[in-house]
Amino acid sequence: MPIEPNARGYFGAFGGRFVPEVLVAALEELEAAMRGAFADEGFWAEYREVLRDFVGRPSALYPALRFLGADASVPLLFKREDTNHTGAHKINNTVGQALLARRMGKRRLIAETGAGQHGVATATVGAKFGLPVDVYMGELDVERQALNVYIMQLLGATVHPVSGGTKTLKDATNEAFRVWAAQVEESFYVIGSVVGAHPYPYMVREFQKVIGEETRAQCLERYGRLPSDVIACVGGGSNAMGIFSAFVDDPEVRLWGVEAAGEGVASGRTAAALGAGSVGVLHGSRSYLLQSERGQVIETHSISAGLDYPGVGPEHAFLKDSGRATYVPITDDEALAAFYDCAKSEGIVPALESAHALAFAKKLAAQRTSDALVVVNLSGRGDKDIAQVRALRERAEVRS
Amino acid sequence: MRLVDAFAARSKRRPAFVPYVMAGDPDLATTEAVVRALARNGATAIELGIPYGDPLADGPTIAAAGARALASGITIEDVLGSVARLAPEIPSSIVLFTYFNPLDRYGLERFARDAARAGAAGAIVPDIALEESEELRAIFALHCIDVPMLVAPSTPPERAVKIAAASSGFLYIVSRLGVTGAASEPDFAPMRRQVAALRAATDLPLALGFGVSRPEHVRAVADDVDAVIVGSALIDALAGTSGDDAVAATERFVSGLFA
Ligand SMILES: Cc1ncc(COP(=O)(O)O)c(C=O)c1O
């Protein structure tokens with residue numbers, strides 16, 4: 001069984017509810033509605049139906065035969081979240097939260113977004129369920145992710161550029177919380193990862209655990225055994241919690257969370273909250289955090305916008321400290337190399353986020369033998385990253 | 001000065017005046033001059049913001065003031081240094097206002113001790129609600145630092161009673177859903193629904209804040225609450241000033257507010 005947080009929303013020492021009083025009643029209302037929905041088979045039946053007919057689940061567990069090289073003997077499997085409608089795992093969560101919002105009688109959805117993937121996934125379910133959507137997005141990200149901004153608008157959402165702070169995901173999340181505080185009665189805040197105040201980290205994991213449940217069943221059915229290793233990239237940590245949760249009780253399955261090291265964990269230009277951060281409070285929960293000596297949140301860097309976040313979900317902090325999962329860094333350059341490799345060797349253009357997990361899979365496979373069974377959660381497809389990768393390549397060619 | 005004494009000794013001015021300023025915006029010398037001017041002009045307590053980069057409970061005015069103060073390098077130690085200079089000189093209580101993470105990082109015990117030594121009367125931490133506040137309240141109480149807690153329009157009545165019982169110094173009533181800022185109007189209806197039950201639950205002074213910005217607001221609530229907290233409107237009035245200009249702007253603002 002996946003881990004249950006305690007009554008105050010803690011996974012061990014991590015989690016909780018560090019929010020202004022104005023939000024407490026809303027979080028309690030949400031928690032009560034969530035518990036009611038989770039106990040209602042009808043709710044899950046509808047969720048599964050939407051995942052099947054709209055998202056296109058189950059996603060395949062694909063044997064990647066060429067990515068590790070022709071002479072590699074380690075079996076490698078990709079969990080294909082990239083084939084979901086809208087191109088990433090994010091939609092599993094937004095479907096669940098939109099169904100819950102409707103059940104609660106909420107009339108609007110609010111979301112934060114960095115790269116725009118969660119914004120697109122929220123705008124998509126808003127369109128599908130007829131709920132207006134307001135997306136908050138840092139001004140810098142609005143510029144960097146112009147295509148996703150346009151897609152959200154096409155889907156009928158309103159995108160609000162956020163000019164405070166670092167003008168990125170952290171500040172978009174601050175703003176979404178503030179806006180929610182002013183509209184708690186009519187609005188539902190759809191958080192995009194396993195972060196935020198209780199019950200969000202738990203709730204988002206429950207909406208992503210379908211990834212792990214499918215993977216487990218597919219492994220057992222096809223290979224008659226559990227994987228030896230499960231690898232997922234960790235931004236806030238939702239795709240990783242989604243796949244890890246089905247295996248936390250199987251100590252023989254090693255769990256690997258791959259963080260964005262950026263230019264290196266010690267470079268000061270990193271997004272590896274677990275690898276380079278310390279314990280603190282951000283966006284409503286206690287977890288690891290990239291912060292200064294003085295408790296100010298530090299600006300982060302990663303080639304991948306979806307991993308470019310100074311915090312990480314509290315359940316990952318718990319899994320790290322308990323030793324159940326291991327968190328490893330992958331740099332921008334390593335991720336980029338894996339991005340190219342995966343495209344050429346497998347015919348799959350991965351998201352830059354997922355490319356971090358792929359890069360680590362290559363390192364790990366070098367230490368594994370043919371009796372291993374390595375699963376990588378391919379959290380999303382790379383269409384959104386192509387303009388950025390192309391610009392990087394052109395810049396590199398100009399230099400050389 | 002402790003809050004209980006400041007409220008007992010307050011002038012005839014009703015309601016009592018509790019202004020908020022951001023320490024170090026634009027510089028600490030200006031902040032100290034403004035605090036002295038506020039004290040001379042009848043402030044019962046003065047909330048002194050310690051800047052934090054991710055202020056979830058604050059709207060654009062205070063968030064921007066915090067960003068300016070951080071850009072000038074202001075630290076908790078700097079703010080406590082100001083408190084130590086101001087507290088012996090002014091007849092108003094000084095209440096520090098900041099978020100949980102910088103306090104936690106500094107060390108709750110160390111902060112309570114240093115704040116008490118500097119002469120601060122209290123600390124408001126707007127991102128810890130009742131459930132997460134127990135340890136902080138216990139530590140701060142040992143050092144005689146009051147912790148005014150917040151009641152929001154969305155707070156259910158039974159919960160408001162518990163918050164009132166946990167609060168010290170005064171009880172902070174948030175006028176409306178949302179964050180600080182003078183751009184949208186305060187709403188006095190939720191406060192009026194809550195005030196009788198809060199009076200029954202606590203003897204603490206009741207202070208109303210969030211959006212209180214104009215003389216008509218002050219007059220409208222004079223019979224309901226004991227104090228008004230005014231932050232963003234004052235910071236807006238101080239925009240672009242420093243030194244003597246800031247003092248003059250402060251005096252103009254206060255006389256206008258209580259006109
Ligand atoms: C494809 C993809 N993978 C991973 C992430 C990181 O989020 P999380 O760690 O919550 O899975 C994102 C976020 O935008 C994403 O778009």
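So the values come out like this:
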quantity: Strands (runs of 3 or more DSSP E) within the range A:230-290 that include 3 or more residues assigned by TED's automatic domain parsing to the domain that holds A:L373 and within 16 Å of the ligand (Cβ to nearest atom); calculated: A:254-262, A:285-289
quantity: Matching residues in the range A:306-318 - criterion: being outside any loop (DSSP other than H, G, I, E, B), open to solvent by 20 Å² or more (accessible area, probe 1.4 Å) and within 22 Å of A:D141 (Cβ to Cβ); calculated: A:G306
quantity: Checking A:A115 against (1) within 13 Å of the ligand (Cβ to nearest atom); (2) in contact with a Leu (Cβ under 7 Å, 6 or more places away or on another chain); (3) in a loop (DSSP other than H, G, I, E, B), the condition it does not meet; calculated: (2)
quantity: Criterion violated by A:R269 - all others in (1) open to solvent by less than 10 Å² (accessible area, probe 1.4 Å); (2) over 13 Å from A:V328 (Cα atoms); (3) charged (D, E, K, R) satisfied; calculated: (1)
quantity: Single residue of A:L30, A:L77, A:L109, A:L99 found to be more than 16 Å from the ligand (Cβ to nearest atom), touching a residue at least 24 places away in the same chain (Cβ under 8 Å), assigned to a helix (DSSP H, G or I) and buried (at least 20 other Cβ atoms within 10 Å of the Cβ); calculated: A:L30
quantity: Residue in the range A:360-372 that is in contact (Cβ under 8 Å) with a residue 24 or more places away in the chain, away from the ligand (no atom under 16 Å from the Cβ), within 30 Å of A:G15 (Cβ to Cβ) and in a helix (DSSP H, G or I) present; calculated: yes
quantity: Options B:A201, B:A233, B:A239; residue that is open to solvent by 30 Å² or more (accessible area, probe 1.4 Å) and over 24 Å from B:R2 (Cβ atoms); calculated: B:A239
quantity: Single residue of the range B:121-151 satisfying the filter (in a strand (DSSP E or B) and free of Cβ contacts under 8 Å to residues at least 40 places away in the same chain) that is farthest from the other protein chains (Cβ to nearest Cβ); calculated: B:A123
quantity: Residue within the range A:254-264 that is charged (D, E, K, R) and either under 23 Å from A:S322 (Cβ atoms) or within 13 Å of chain B (Cβ to nearest Cβ) (or both) present; calculated: yes
quantity: Qualifying residue in the range A:130-146 (condition: more than 20 Å from the chain's Cα centre (by Cα), surrounded by fewer than 24 Cβ atoms within 10 Å (Cβ to Cβ), assigned to a helix (DSSP H, G or I) and without any contact (Cβ under 8 Å) to a residue 12 or more places away in the chain); calculated: yes
quantity: Selection status of A:E263, of a type outside the set (A, V, I, L, M) and open to solvent by 30 Å² or more (accessible area, probe 1.4 Å); calculated: yes
quantity: Residue in the range A:319-329 that is basic (K, R), open to solvent by 30 Å² or more (accessible area, probe 1.4 Å) and within 23 Å of A:Y202 (Cβ to Cβ) present; calculated: yes
quantity: Scan of the range A:373-400 for residues that are open to solvent by 70 Å² or more (accessible area, probe 1.4 Å) and more than 14 Å from the ligand (Cβ to nearest atom), ordered by number; calculated: A:A387, A:R390, A:R393, A:E394, A:R395, A:E397, A:V398, A:R399, A:S400
quantity: Criterion: within 14 Å of chain B (Cβ to nearest Cβ) and of a type in the set (A, V, I, L, M) - qualifying residue of A:V297, A:V376, A:V312, A:V349; calculated: A:V297
quantity: Residue under evaluation B:D25, criteria (1) in contact with a Lys or Arg (Cβ under 9 Å, 6 or more places away or on another chain); (2) open to solvent by less than 10 Å² (accessible area, probe 1.4 Å), criterion not met; calculated: (2)
quantity: Filter result (touching a Gly at 6+ places or on another chain (Cβ under 6 Å) and not acidic (D, E)) within the range A:332-368; calculated: A:V349, A:P350, A:A351, A:S354
quantity: Residue in the range A:193-202 that is in a loop (DSSP other than H, G, I, E, B) and on the phi > 0 side of the Ramachandran plot present; calculated: yes
quantity: Residues within the range B:55-65 that are more than 10 Å from chain A (Cβ to nearest Cβ) and not β-branched (V, I, T), tallied; calculated: 1
quantity: Criterion: in contact with a Gly (Cβ under 9 Å, 6 or more places away or on another chain), open to solvent by 10 Å² or more (accessible area, probe 1.4 Å) and either on the phi < 0 side of the Ramachandran plot or within 14 Å of chain A (Cβ to nearest Cβ) (or both) - qualifying residue of B:A189, B:A222, B:A183; calculated: B:A183
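Listed here are the residues, each with its yes/no results for (1) outside the structural domain of A:E186 (by TED's automatic domain parsing); (2) out of contact with any His (no Cβ under 9 Å at 6 or more places or on another chain); (3) among the basic types (K, R); (4) at positive phi.
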{"position": "A:L77", "(1), (2), (3), (4)": "yes, yes, no, no"}
{"position": "A:R80", "(1), (2), (3), (4)": "yes, yes, yes, no"}
{"position": "A:T83", "(1), (2), (3), (4)": "yes, yes, no, no"}
{"position": "A:G96", "(1), (2), (3), (4)": "no, yes, no, no"}
{"position": "A:R103", "(1), (2), (3), (4)": "no, yes, yes, no"}
{"position": "A:I110", "(1), (2), (3), (4)": "no, yes, no, no"}
{"position": "A:T124", "(1), (2), (3), (4)": "no, no, no, no"}
{"position": "A:P132", "(1), (2), (3), (4)": "no, yes, no, no"}
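The values are calculated or read from the model by the stated rules, or taken from the named source; none is laboratory data. The structure displayed is predicted, hence computed values, not measured ones. Here Cβ is always computed from backbone atoms with ideal geometry, including for glycine, and neighbour counts include all displayed protein chains. These accessible areas exclude ligands, DNA and RNA; they are computed on the full protein's heavy atoms, side chains included. Shrake-Rupley method; radii C 1.70, N 1.55, O 1.52, S 1.80 Å.
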